[in-house]
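Below is one structure; the comments refer to it alone.
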Amino acid sequence: MYTWGTGTFGRLGLSLGDGKKIRASADHPTLVETLNGRRAVAISCGYTHSCAVLEGGSVVTWGSAVSGKLGLGE
């Protein structure tokens, strides 16, 4: 999966490997390395968060967790 645009709140899922760039922006399609080799069958993008349903049924979310929108419980 590839994302691009403004990375505010970590909405693009681009940590770029160092943790400091979790809010990195991308001006061209950039691979979401965490999902490399995993097939997404559905993707949803909100204003400050995104999620993907992977083949096999698991769900991954990233971005702003304000108001519980990532479904992580806290």
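The values are calculated or read from the model by the stated rules, or taken from the named source; none is laboratory data. From a predicted model like this one, the values you see are computed outputs, not experimental measurements. These area figures cover heavy atoms from the full protein model, side chains too; ligands, DNA and RNA do not enter into them. Shrake-Rupley method; radii C 1.70, N 1.55, O 1.52, S 1.80 Å.
In 10 Å bins starting at 0, how do the alpha-carbon pair distances of the chain split up by percent?
Spelled out per bin, shortest first, that is 21, 54, 25, 0.
Quick one: order SER67, SER25, SER58, SER50 from most to least accessible surface, probe 1.4 Å. Please list the in-between numbers first.
On the way: SER67 120, SER25 75, SER58 55, SER50 10 Å².
So the residues, ranked largest to smallest area, are SER67, SER25, SER58, SER50.
Near the amide H of GLY7, under 5 Å away, which other amide H atoms are found, from residues 5 or more places off or on another chain, if H is placed in the peptide plane?
Amide H to amide H, under 5 Å and 5 or more residues apart or across chains, GLY7 pairs with SER25, ALA26.
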